[in-house]
Structure formats: structure tokens, C-alpha cells
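Below is one structure; the comments refer to it alone.
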Amino acid sequence: MASPDALPRSRTASSASRLSRPAAAGVAAALAGLGAAELAAAILAPAGSPILAVGALVIDLVPAWVKELVIGLFGTGDKAVLIVCVALGTLVLAAIAGVLEFLRAPFGRALVVAAGALAVLAVLTRAGTAPFDALPSVSAMVVSAVLLTVLITRLPRTVPVSDGAGVDRRRFLAWTGASAGLGVLAVIGGQLVSAGTRATDAARARFTLPAPATASAPIPAGADLAVDGLSPVITPNLGFYRIDTALQVPRIDPAAWTLKITGMVENEVELTFAELLALPLEESTTTLTCVSNPVGGDLIGNATWLGYPIRLLLARARPLPGADMVLSRSEDGWTASTPLEVLTDDRNAILAVGMNGVPLPLEHGYPVRMVVPGLYGYVSATKWLVELDVTRFDRETAYWTSRGWTERGPVKLSSRIDVPRAGSRVTAGPVTVAGVAWSQHVGIRSVQVQVDDGPWDDATLADAISADTWRQWSWQWTAPAGRHTLRVRATDAAGLVQTSVVRDVVPDGATGLHRVPVTVG
Ligand SMILES: Nc1nc2c(c(=O)[nH]1)N[C@H]1C(S)=C(S)[C@@H](COP(=O)(O)O)O[C@H]1N2
Ligand SMILES: [Mo]
């Protein structure tokens, strides 16, 4: 086969290739640097991955509406999308550094050093990182800068029309290919190492949940209508939605975990994991939902939690008069502000250690999280919990409430159609329409379904587990051929009818009726 360089080429083609090689050199040097960083992070400094730290910084800096847009478009794939964007951004920057180094050395190297410094800054501004965690970013910077210099010096300065410098060119390509290849292998290696040697995972695997002192009331057999395609009344852990700002799930050694109750209290309390487990734990079934859940969305789940009432721990700490909020803090620095009265009234606000019969999964807050019936997760459901700071709403704001979401976030009355699915095709005749409805802490009185502009008709309700969980419903439809729209609305136990007024999720949760278009044929 003819070498492409043996063919005559135009000036523009050759100047494009003049720059494509330094760009490739930049990308290869960056890949090698990232590989070094991921290996260093996996083996020495788990909190130090530069890509994840920059991603986390981006999460904290982008405006709330961008986050909403990304969650809206990609759902719980938001994190993968972010990592891909940061990685692509890095590679584009690397290509620019390559070209700069080729045309105006040492500006390419300078760009690499600047990017490295930014990564160090990103790592060190994360909660709970130590100076040592900068090591992976510094290695990335050094490896990339050195390789970039080496590769660019090996690059033939002129692109010959005849293949006079073919040996040089091949040597350059070999170096570039090797750097890129080793870099990619190191990134993969780093991922494997960090997945395999996590002490926390092992501790969680060894840990068996204590038996509850108070078992939850058995779930009535009639709570699950067992309709095909309808969400099960208890959401399995693997299917439970996950929303948080943590690109890297915090790994907490339960033996080292403590909870501190501080701030406006008469008596500061500190509790170890062993002490928490020795308390009489209670089981309760509570629905958890996200303020970002659009009408009809799936950012909601229902689980049986094992935990200890927060009100009993707060009673030990004795909040001072004037306190009206508890700022709960996660190991990674995330915070939620919960009204003190919600944590001290008779509802089942708990520190949860178990979820559906197993220790909390890592991504759902292991070893300890909060679960508070009736409030959206952003003001109540702190995962990887380490501190309860008793304070006042006029003194402190929390992670999302300082980004434009409302201070208090009660869950709104809502309902959803699960079957038939939007846009699906069903056969004319009898069709089961079914879904879930919730009005936490109040309970659901009735659910109604409407076809097109027809009358609202009562659905059949499943047995309620409690006012704090969602309730399944179903409705028999004799479906006539054609295109139709199904709508659902719920009425809560206090008589409030779900509003049809359409509101977006910002700032305190979506409203409107879920509508499902179907084709009957
Ligand atoms: N530490 C921490 N806890 C957190 C969050 C977070 O970003 N960090 N997100 C909250 C939000 S917005 C919701 S909706 C729930 C989701 O809990 P889940 O991921 O277990 O479903 O967790 C809450 N707890
Ligand atoms: Mo949320």
C-alpha cells in the first residue's frame, strides 16, 4: 500500500496535517497524564481523581437551571454525561496545548501546567480532601508536560512531499500511539484497582443488620395490585432512583463514623455506629421523592427503612429556645435544612441504617442517612450523614436552598399513570389503567381517571400501607379504537384535589396532571 505521504498533496491538506500531528501529540500526552493520575488516585489518594474533582467543581458552579436541564434530559445518567463532557473538554484543551507547543513553545507546556493547577484547586476545594490528594493531579501535570515536550521535539518540522522524513514520522507516531495507549490502559487499570480494593465495600458486606426492636406493621396483601407494568409497592434497591451531587460515592468506614449533634443545644451529643446499632431500631415504610421529579416522572421510590427516630436523639441534645432548623451535613460537605419541628413531631423521621432488609447501599448513603416522611429529599434525606447542626433558618442556608430552591420543601400531592405507557398501542376492549398516587403524611382519599374530555371516573385504590407511602390504584377502561389521552388526578385525605395548574420543578416541586397519550387499535 502506498504511504499517504507518497501522494502529491495540496498546501491546505499539508498545513492541516501540519497541525493535526501536534494536536494528536497533545491528546496523547494528556491521556498518558490522566492514566498516571487515575492510577495514583486508585492506589494512593482515592479523593484525588482530577477528572472527578473538576466534575464536582462544575456541579457546584453551574447554575441550577443547567443542572435541571441535564437531569431533565438524561435523568440519573447525568453524572456519566458530566464526566464525558469534562473528559472531552480536557482532550480539546490538550489538542490546543499540542498545537501551541508546536507553534510557540513553551506555551503548550504552560497551558498544561495551568490546567494541572486548576485540577489541584478543584481537588483541594472538595470537602474532606487533604493536600496529599493533589498528588494525582500533579502527576498528571508532570507526565503530560514532559511527554508533550518530548513528542513535539520528535515531530518533523516540515511535512515533506517525498517521504524523506518517513523514519522520523514513524517514530513520532509510535511515541504518540504508545503514550495514548498506555494512558488509556492506566485509566482502565485505575478503575479496576479502585473497584477491587475498597475497604468500605468489604465492611458493608460483612455487616449484618440488627433485628428491629419494632417491626413495621406488615404490608397489607392488598397494597400491591400486581398489575403488569405497575411499579411494585416496594421499590427494589437496585431500581431505586439515585440523586446526589457526589461524583464519587463517599466511602465511610463505619468503625470510624460518628454523628455529632451540635449548635444550639444544651448538650452536644456524639454517637458511634456501634452505639447507634445498639439502640432499639424501628422499621418503617416511607416513600422518598425528589423535588426535581417532573409530573409523571420516576424520581420517586418506596422502601422499608430500618432506623432510629431522630426526635429521640434531639431530645438527648435538648435544642435551645429559638432554634427552628437542623442543618444536616454529609461527609462530602453537602447540606440540607430541615425544620426542627418536623424532626421532633410524631412523624417517623429517622436515621436509617437499613433499606429493604439490607445495610444501606453505598449510593443510598451507607452507613447512615436521614429519611423524613413528607419532605422532598433536598431538605431532608441527607446521605452519608455525619452532623446535625441545630440552628435557625435566618442564620444558615443549605446546599440547594442557597441555589434558588425554597427553604421548606413539603412533598406535593401527585399521581402518576404507569400503564399503559405514554405513546403505547393497546388493543380495543378492556384495558387496565394503573399507577400510583401520594400525599405524604396526609394520605390519599381517592384517585380519578379521565379519558379525553370525558367525565372523571373513580379508580379502585389498593390498601394503604400508611399516609407516608404512595398508594397504587387501577381503573378498568373499555377502550374504543382511535387516539386517546388518559389523565389522572388524586384527592388527599383532607379533601384537597390535585391541581391541574402546570408548574415546573423549580423552586418547590412540579404540579399539573399526568397525561398519557395512547393509540387504541
Ligand atoms: N449527601 C447527599 N445527600 C443527599 C443528596 C446529595 O446530593 N448529597 N441529595 C438529596 C436529594 S436531592 C434526594 S432527592 C435524595 C435522593 O436519595 P436517593 O439517591 O437515595 O434516592 O437524597 C438527598 N440526599
Ligand atoms: Mo432531590
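The values are calculated or read from the model by the stated rules, or taken from the named source; none is laboratory data. Keep in mind that this is a model prediction, so the values were computed, not measured. For neighbour counting, all protein chains shown are included, and Cβ atoms are generated from backbone atoms with ideal geometry for every residue, glycine included. For the accessible areas, the whole protein counts, side chains as well, though only heavy atoms, and no ligand, DNA or RNA atoms are used. Shrake-Rupley method; radii C 1.70, N 1.55, O 1.52, S 1.80 Å.
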Tell me, what is the 1.4 Å probe accessible area of SER439, in Å² to the nearest 10?
-> 10
Between the Cα axis of helix 50-61 and the main Cα principal axis of the chain, the angle (0 to 90°, nearest 10) is 50
Ratio of the Cα radius of gyration of the chain to 2.2 N^0.38 Å, where N counts its residues | 1.19
Order the peptides 312-318, 29-35 from the highest to the lowest mean number of other Cβ atoms within 10 Å of their residues.
-> 29-35, 312-318
For SER231, SER402, the accessible-area ranking with a 1.4 Å probe, largest leading, is SER402, SER231
Which number do you get for Rg(Cα) / (2.2 N^0.38 Å) in region 11-159?
-> 1.14
Stretched out fully, how many nm does the piece from GLU268 to ILE96 gain, at 0.36 nm a residue minus the Cα gap?
-> 56.5 nm
Can you tell me the 0 to 90 degree angle between the C-alpha axis of helix 11-43 and the longest principal axis of the chain, rounded to 10?
-> 50
Report the Stokes-Einstein translational diffusion coefficient (µm² s⁻¹, integer) for region 381-521, Rh taken as the Kirkwood radius over Cα pairs, at 25 °C with viscosity 0.890 mPa s.
-> 144
Here, trypsin sites (Lys or Arg not before Pro) of region 86-185 satisfying both criteria (DSSP loop; at most 16 other Cβ within 10 Å) are ARG157
Angle between the Cα long axis of helix 78-104 and the longest principal axis of the chain, 0 to 90 degrees, nearest 10?
-> 20
Cα-based Rg and Dmax for region 210-285, where Dmax is the largest Cα-Cα distance (Å) | 18.2, 54
Sorting CYS290, CYS85 by accessible area (1.4 Å probe), largest first, what list results?
-> CYS85, CYS290
Only bridges with both residues in region 414-520 count here: give the DSSP antiparallel percent, nearest 5.
-> 95
Using helices alone, what [θ] at 222 nm do you get for the chain, with -39,500 (n - 2.57) per DSSP H run of 4 or more residues, divided over all residues and rounded to the nearest 500?
-> -11500 deg cm²/dmol
